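K.L.:
Okay, here's the structure, questions in a sec.
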Amino acid sequence: MTSPSPALMEADAVRMIIRHATLLDGISLRLHGGETVAIVGPNGAGKSTLLRLLSGDLRCSGGEVRLKGRALASYSSRELATHRVMLSQHVSVGFPFTVEEVVAMGAGNRSRGAAQPLVDAAIAELALEPLRHRELPTLSGGEQQRAHFARVLVQLACGEAEHGPGVLLLDEPTSSLDLRYQINLVEIAKRRARGGSAVVAVLHDLNLAVRFADRIVVVRRGTVAADGSPADTVTAAMINDVFEVTASIGSENGQPYVLPQTMQ
């Protein structure tokens, strides 16, 4: 597969060192518009740290991250929010905002009238209409996760209206979702890529990663162990080497799948 160009986001030899611990060690990536990228790897490999560096939430100890050809560190927080969107792994809202109010937060300073069509569209896309007027703290974890995903979709849409395709970063976005909504979220994310955005997700489920991603980046001990198509990366050798598990890999329509019942 030939990746679209130019890259929307680039990470060149980024390192992250906290005290005496090296969390990331020389990772380089290029993320293109129209591309879906899954980041996978064992616990503690550095996946979420890498995503936080790409989002600008953390500053790298070495190397550089660039967004649309410009150093990520040179963007103000307000400006950055219009070019890249991040759904964190844990988002806590203690105040009794309704689902609609939370989703509307993605519109930033836009007037409510201008933002309302985007809010309504995101609520419909995430099947949140029955929950629109419910207060967020009264919802299940999965329902809250869908509301926050709708919020970042509104933010992405607002940014794209001003600056064109952006970058959507998702940190374990399916962790609280049942099977139906896992698939729904993946398909929504892929639609955003077809619209020109670069979409990057940290995922634990390799089968879901295959369904989602054009490209899978395997992270191990702060370095890239593999980077390529699902067929090239999701192999028995990779799973044994990176996850220290023996597994059988099947294939359907050229795409691999992992058979959990064979894992040892």
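K.L.:
Whole number please: convex hull volume per residue, Cα atoms of segment 120-264, in Å³.
P.N.:
Values: hull volume 20.5 nm³, N = 145.
Each residue corresponds to 141 Å³ of Cα convex hull volume.
K.L.:
Quick one: compute the contact order of segment 112-207, relative version, from alpha carbon pairs under 8 angstrom and 6+ residues apart, as a percent. Intermediate values should be presented prior to the final figure.
P.N.:
Values: 80 pairs, mean separation 26.6, N = 96.
Contact order relative to length: 28 percent.
K.L.:
When THR49, THR262 are ordered from fewest to most other Cβ atoms inside 10 Å of their Cβ, what list results? Walk me through the numbers before you get to the answer.
P.N.:
Details: THR49 21, THR262 13.
Ascending Cβ contact count within 10 Å gives the list THR262, THR49.
K.L.:
Oh, and also: How high is the relative contact order of the chain, in percent, counting Cα pairs under 8 Å that sit 6 or more residues apart?
P.N.:
Relative contact order for the chain comes out at 24 percent.
K.L.:
Still on this structure, I have one more. Each residue of segment 209-225 in turn: what ³J(HN,Hα) in whole Hz from Karplus with 6.51, -1.76, 1.60 and θ = phi - 60°, glycine and Pro shown as x?
P.N.:
Per residue, the Karplus-derived 3J(HN,Hα) values read 4, 5, 5, 7, 9, 6, 8, 10, 10, 9, 10, 9, 6, x, 10, 8, 8 Hz.
Read the figures in this text as sums done on the coordinates, not as results from a lab. Keep in mind that this is a model prediction, so the values were computed, not measured. All Cβ positions, even for glycine, are placed from backbone atoms using ideal geometry, and neighbour counts span all protein chains on display.
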